[in-house]
Structure formats: C-alpha cells, structure tokens
1. Among Leu53, Gly88, Ala76, pick out the residue whose Cα is farthest towards the positive end of the charge dipole of the chain, where Lys and Arg carry +1 and Asp and Glu carry -1 on C-beta, about the Cα centre.
2. Once fully extended, how much extra length lies between Leu48 and Arg110, figured as 0.36 nm per residue of separation less the alpha-carbon to alpha-carbon distance?
3. Quick one: dipole size for the chain, taken about the Cα centre, charges +1 on Lys/Arg Cβ and -1 on Asp/Glu Cβ, in debye to the nearest 20.
4. State log₁₀ I(q)/I(0) for segment 8-119 at q = 0.15, 0.17 Å⁻¹ as given by the Debye formula over alpha-carbon point scatterers of equal weight, solvent excluded.
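We did not get these values from a lab; they are worked out from the coordinates using the rules stated. The structure presented is a predicted model; accordingly, all values stated were derived computationally and were not measured. Positions of Cβ are generated from backbone atoms using ideal geometry, with glycine treated the same way; all protein chains shown enter the neighbour counts.
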Amino acid sequence: MRQGWRARLAQTRFVREAMENPVDPALLRRKPSPRFFAGLAVIALSYLLAWPLITLLGIIAARRGRPEIFVVGSPAAYGLSTLVFLFGAWLAGKEGLKYMRAGFRWLVGRIGRRLLSSSRGPDAHR
C-alpha cells in the first residue's frame, strides 16, 4: 500500500517533469540582485515579527486579565506580518519568483527520485 502512493505521486506531471528535466545549475549560480536580497530580508522580518508579537500580546493579556488585548491584537499582528511578507515578495520581484520556482522544482525532483528509489527496496539507490 505504501508503494502505491509513491508510484502515484511520481506519475504526476509536475513530479515527472521535475525528475526528467533537472534545474539548470547555472540559473542558481548567478548572483542575485541587491533588491532580491532586500526582499528576502523583509520576508524573514515578517516571520520574526508575527509570532513573538502574538506571544507578547498573550502574556500582556494574561497578566492584565484582559483577553480582548489578545483577541484583537493577535489578528492585527498577523495581518501586519502578512503585509510585511507581501511587501518583501513584491520587493524580491520576478527574480525571486524565478529562484523560488527553480528551487522548488529541484526539491521536488530530488524528493521524487528518493521516493521512487525507496519504494523499490533498500538496495535500489546504490
């Protein structure tokens, strides 16, 4: 039964294409622009912003005995984080999308090959 889902996954068009046509390494070797790195930094900031702020709001709400601080503040913090993330994605632009697609395609191809080799038995990938 386990081999069934692996074989079905490997037969999907996206996984099959990712395994048959690997990513051109030259695409990933080119140095990205400063704007791309700035976009990545803003995206990373969005992750660092939301959860610590939500945790802090929970602590403040618990200590003051006012749950409305958490109930109102948490979605607002999450919304702010989402806006910061979207700004970072816009800043990274088409170049960021190109790198993301290439990296995801490389990852899917690698996982697909590994799943297929492990479904054939322990000696299949040697």
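1. Sorting the options by dipole projection puts first Gly88.
2. Numbers: separation 62, 0.36 × 62 = 22.32 nm, distance 2.94 nm.
Length gained, Leu48 through Arg110: 19.4 nm.
3. Magnitude of the dipole: close to 440 debye.
4. Values, matching the q order: -0.79, -0.86.
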